[in-house]
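Below you'll find the structure, written out as structure tokens, and then a few comments.
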Amino acid sequence: MASIFNQIQGRVPRRYVALVAFFFFVALFLWSGFDVVPRSPTVGRFKYVPSSYNWAKAKVYHPVKDMKMLPQGTPVTFPKVQLKNHSENQDATSSTRKQAVKNAFIKSWEAYKSHAWGKDQLQPLSGGGKDTFSGWMAQVVDALDTLWIMDLKEDFYLAVKEVAVIDWATTHDNNVINLFEVTIRYLGGLLAAYDLSQEPVLRAKAIELGDALYATFDTPNRLPSHWLDYSKAKKGEQTADDSMSGAAGGTLCMEFTRLSQITGDPKYYDATERIKQFYYRFQNETSLPGLWPVTMNFRDEQLIETRYTIGAGADSMYEYLVKMPVLLGGLDPQYPEMAIKALDTARDYLLYRPMTPKDENILMAGNALVDHGNVERIYEMQHLTCFAGGMYAMAGKLFKRDDYVDLGSRLSSGCVWAYDSFASGIMPEAADLVGCKKLDGPCPYDETFLPLSNDPRLPPGFVNVKAKHYLLRPEAIESVFYMYRITGDQVWRDTAWRLWENIVRETEVDLAFAIVEDVTVSKGTNGDVMETFWLAETLKYFYLIFDDEGAIDLDEWVFNTEAHPFKRPVV
């Protein structure tokens with residue numbers, strides 16, 4: 001490069017050298033195809049460093065031929081979700097409990113700052129950090145809105161300063177991106193923090209990341225893969241997966257839709273609307289009409305598998321069917337149609353009443369296998385399905401279905417019962433129970449249905465515990481939070497505090513909070529993991545249930561599956 005300019009200087013008057021150099025670099029930039037994004041000093045109040053590769057300028061190998069636009073029109077007025085939109089006063093008990101949750105957040109956050117800053121996740125026992133989701137400081141992005149909600153503004157702006165310089169083009173996992181996890185944690189976290197704070201740099205980084213994730217849809221049929229391979233995407237070699245979970249594909253629409261809403265660019269909405277149309281086309285043609293199997297063939301657009309659940313692999317797909325209507329202002333009739341069909345079918349084939357010693361009026365969500373039209377019920381209990389209580393209750397309010405609110409209450413109570421059943425006061429990741437014949441009516445306790453067990457740690461009513469650990473999951477408190485906001489019944493707040501005391505006792509360690517290896521014993525062994533959703537979801541829901549009902553009013557906001565609140569359209 002230096003020799004070129006030496007030659008120029010030897011033949012051209014010195015006053016033209018600068019001009020020649022300028023045009024040389026302009027030509028070099030144009031020749032590069034805009035891959036390298038020019039640096040901009042600040043966006044808003046923050047130093048802003050765009051990612052080193054601009055996916056918005058990347059070649060599109062399978063362009064959209066019929067761009068699907070956001071629904072237009074005046075948003076409809078939905079029935080109110082919350083009983084109250086504010087508290088008349090904040091009683092001393094609730095204030096004390098809210099502060100206790102905030103103190104736990106501060107302890108966890110400070111530990112992350114001191115021992116794992118720059119990493120995705122804190123290791124609370126060893127005092128280290130590790131990268132789990134691309135190495136872009138997942139914990140920072142995931143906790144942004146919680147920092148704002150808890151009025152920890154100094155740390156919020158410290159976190160935004162770091163986010164403003166993240167390079168989405170460089171990862172710590174061979175440039176292969178988990179589309180589902182990155183969307184719900186990173187993109188969802190950025191969008192929520194922007195909606196709350198209106199900091200423009202968060203919008204800018206969300207657009208950058210959205211453009212990168214959008215490349216996952218550059219496939220022959222415009223349906224995605226679970227994994228975005230940067231190298232394949234740049235060469236046009238991405239294809240949709242021939243086996244991908246319903247949750248992985250169906251838990252993108254809220255984030256991509258919100259990105260289109262705040263940018264005015266319909267391409268993000270178009271991407272996930274195509275997944276919705278794929279689901280809509282087959283909803284009544286599966287082996288259990290109304291529901292979708294756990295995995296589907298996105299590449300050939302076929303649904304062959306016959307396992308059904310609202311647990312792992314499917315959960316948040318159904319959650320988003322209920323939440324998309326409000327995010328779209330009620331302007332898309334397909335989402336409520338799909339949601340009601342799915343919730344009714346799940347009620348009939350997946351929900352069950354467990355046989356319990358005191359014949360509690362509770363429900364659980366199990367699984368089903370379909371073989372030549374015969375449906376085999378599987379009476380499993382997953383912690384992941386504990387979100388269903390809140391989902392049904394919210395759907396009940398939005399769609400004027402009182403029966404859904406009742407189902408939501410019983411499902412939420414079922415998970416609370418499971419928490420109360422174990423020595424630790426925490427339910428396990430997965431267990432098996434005995435199902436009653438009907439959802440309603442008496443169900444006498446009959447021990448002959450239970451295996452002979454000499455294990456005193458197996459609670460009455462449980463057949464076995466298949467996964468004994470607790471990962472700091474939020475799903476139970478999530479549903480308890482929804483039930484309190486929807487009903488205003490103080491019993492849900494008191495229940496939340498009982499769950500809180502149990503979780504703190506079992507998970508708190510010197511540095512922060514850690515997963516539990518075995519919930520069948522009290523004060524057992526902890527694992528060296530603090531999942532990012534501890535700060536993003538679990539502590540947020542615990543905090544909000546004791547906060548004023550006006551904080552993140554469910555008639556003004558809607559949560560994504562990682563508890564990131566998006567602003568609902570103004571009616």
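Only the coordinates and a few stated rules stand behind these numbers; no lab work does. Remember, it's a predicted structure, so these values are computed and weren't measured experimentally. Cβ coordinates were reconstructed from backbone atoms using ideal geometry, including for glycine residues, and neighbour counts include every protein chain displayed.
Could you state the number of Å between the C-alpha centres of segment 104-131 and segment 514-560?
About 16 Å separates the Cα centre of segment 514-560 from the one of segment 104-131.
F399 versus A467, label points 7 Å from Cα toward the beta carbon: distance in nm?
2.7
Go ahead and collect, in residue order, the members of segment 236-265 whose backbone nitrogen is under 18 Å from a label point 7 Å along the Cα-Cβ direction of N175.
Residues 236-239 qualify, since their backbone N sits under 18 Å from the label point.
How large is ³J(HN,Hα) for each residue in segment 144-151, as worked out from phi by the Karplus curve 6.51 cos²θ - 1.76 cosθ + 1.60 (θ = phi - 60°), to whole Hz, x for Gly and Pro?
With coefficients 6.51, -1.76 and 1.60, one gets 3, 6, 5, 4, 5, 4, 7, 6 Hz.
On full extension of the chain, what length is gained from V49 through N103, given 0.36 nm per residue of separation minus the C-alpha to C-alpha distance?
Working: separation 54, 0.36 × 54 = 19.44 nm, distance 3.32 nm.
Working it through step by step, the gained length comes to 16.1 nm.
Any idea what angle helix 267-282 forms with the longest principal axis of the chain, computed on alpha-carbon atoms, 0 to 90 degrees, nearest 10?
40
Between rounded, prolate and oblate, where does segment 139-212 land on the alpha carbon gyration tensor, with a ≥ b ≥ c its root eigenvalues, rounded for a/c under 1.5, else prolate if a/b exceeds b/c?
Taking the square roots of the gyration eigenvalues as a ≥ b ≥ c, segment 139-212 is prolate.
Let's test the formula: R0 of 22 Å, r as the Cβ-Cβ distance of D528 and K113. What FRET efficiency results, to the nearest 0.05? All intermediate terms of the calculation are to be shown ahead of the outcome.
Working: r = 18 Å, r/R0 = 0.82.
Once the sixth-power term is evaluated, E becomes 0.75.
Under the rule of at least 5 residues apart or a separate chain, name every residue whose amide H is placed under 5 Å from the amide H of Q123.
G128, G129, K130
Which lysines, if any, have their Cα less than 19 Å from the Cα of K234, not counting same-chain residues under 8 positions apart?
Within the straight-line limit of under 19 Å, K234 reaches these lysines: K57, K59, K267.
In debye, nearest 20: dipole of segment 152-209 around its Cα centre with unit charges on the Cβ of K, R (+) and D, E (-)? Don't skip to the end; give the middle numbers.
On the way: 5 positive and 9 negative charges, 25 e Å.
So the dipole magnitude of segment 152-209 works out to roughly 120 debye.
Place +1 on the Cβ of every Lys and Arg and -1 on the Cβ of every Asp and Glu in segment 57-133, take the dipole about the Cα centre, and give the residue among G118, S95, F105 whose Cα lies farthest towards its positive end.
Comparing the listed Cα positions along the dipole, G118 ranks first.
First check a/c for segment 353-417, with a ≥ b ≥ c the square roots of the eigenvalues of its C-alpha gyration tensor; if it is under 1.5, answer rounded, and if not, answer prolate when a/b is larger than b/c or oblate otherwise. Walk me through the intermediate numbers first.
Details: a/c = 2.02, a/b = 1.25, b/c = 1.61.
It comes out oblate by the Cα gyration axes.
If each of K59 and E88 carries a label point 7 Å out from its Cα toward its Cβ, how far apart are those two points in nm?
Distance between label points: 6.9 nm.
Under a point-charge model restricted to the Cβ atoms of Lys and Arg (+1) and Asp and Glu (-1), what is the dipole moment magnitude of segment 222-344 relative to its Cα centre, in debye to the nearest 20?
Numbers: 13 positive and 17 negative charges, 54 e Å.
My answer is approximately 260 debye.
Quick check: pseudo-label points 7 Å beyond the Cα along Cα→Cβ at V571 and K153, how many nm apart are they?
So the label points at V571 and K153 sit 3.2 nm apart.
Relative to the compact-globule scaling 2.2 N^0.38 Å, provide the ratio for the alpha-carbon radius of gyration of segment 411-503.
Working: Rg = 14.6 Å, N = 93, 2.2 N^0.38 = 12.3 Å.
That works out to 1.18 for segment 411-503.
Please report T257, T263 as a ranked list, fewest other C-beta atoms within 10 angstrom at the top and most at the bottom.
Details: T257 25, T263 14.
Taking fewest neighbouring Cβ atoms as first place, the list is T263, T257.
In what sequence do F559, F399 fall when counting other Cβ within 10 Å, fewest first?
Values: F559 26, F399 16.
Ordered from fewest to most neighbouring Cβ atoms within 10 Å, F559, F399 come out as F399, F559.
How high is the FRET efficiency between K437 and Q198 when r is their beta carbon distance and R₀ equals 51 Å, given to the nearest 0.05?
Working: r = 54 Å, r/R0 = 1.06.
The formula returns an efficiency of 0.40 here.
Let a ≥ b ≥ c be the square roots of the eigenvalues of the Cα gyration tensor of segment 78-218; is it rounded (a/c under 1.5), or, if not, prolate (a/b larger than b/c) or oblate?
Details: a/c = 2.20, a/b = 1.37, b/c = 1.61.
In terms of gyration-tensor shape, oblate.
I'd like the Karplus ³J(HN,Hα) series for segment 324-338: coefficients 6.51, -1.76, 1.60, θ = phi - 60°, whole numbers in Hz, and an x wherever there's a Gly or Pro.
Whole-Hz 3J(HN,Hα) from phi for segment 324-338: 5, x, 6, 5, 8, x, x, 9, 10, x, 6, 4, x, 4, 5.
Looking at segment 425-517, which chymotrypsin sites (Phe, Trp or Tyr not before Pro) are in a loop (DSSP not H, G, I, E or B) and have at most 14 other Cβ atoms within 10 Å? List each step's numbers first, then the result.
Details: sites: Y445, F449, F462, Y470, F481, Y482, Y484, W492, W497, W500, F513; in loops: Y445.
Those that pass, being in a loop and sparsely packed, are Y445.
What list do you get for S108, S412, S287, S95 if you sort them by fewest beta carbons within 10 Å? Mind showing how you got there, number by number?
Numbers: S108 23, S412 30, S287 20, S95 14.
Fewest-to-most Cβ neighbours within 10 Å comes out as S95, S287, S108, S412.
Please give the calculated 222 nm ellipticity per residue for the chain, where each DSSP H segment of at least 4 residues contributes -39500 (n - 2.57) and the sum is spread over every residue; nearest 500 deg cm²/dmol?
On the way: 18 runs with 233 residues, N = 571.
Result for the chain: -13000 deg cm²/dmol, rounded to the nearest 500.
At most 14 other Cβ atoms within 10 Å and a DSSP loop assignment: could you name the GluC sites (Glu not before Pro) in segment 273-341 that fit? Walk me through the intermediate numbers first.
Working: sites: E273, E285, E301, E305, E319, E337; in loops: E285, E301, E305.
Here the sparse-neighbourhood loop sites are E285, E301.
Loop-only check: which GluC sites (Glu not before Pro) in segment 151-242 are DSSP coil with at most 15 other Cβ within 10 angstrom? Each step should come with its number before you reach the end.
Working: sites: E154, E162, E181, E208, E237; in loops: E237.
Here the sparse-neighbourhood loop sites are E237.
Which entry is the computed volume of the Cα convex hull per residue in Å³ for this structure: (1) 156; (2) 146; (3) 171?
The value computed from this structure is option (3).
What list of ³J(HN,Hα) couplings, whole Hz, do you get for segment 397-403 from phi and the Karplus terms 6.51, -1.76, 1.60, once you set θ to phi - 60° and write x for glycine and proline?
Once rounded to whole Hz, the list reads 6, 5, 9, 6, 10, 4, 5.
If you line up the Cα atoms of segment 237-277 on their principal axes, what length do they span on each, largest first, in Å?
Here the Cα extents, ordered largest to smallest, are 32, 23, 15 Å.
Can you compute the charge dipole magnitude of the chain about its Cα centre, using +1 on each Lys and Arg Cβ and -1 on each Asp and Glu Cβ, nothing else charged? Give it in debye, rounded to the nearest 20.
Values: 59 positive and 74 negative charges, 431 e Å.
Around 2080 debye, computed over the chain.
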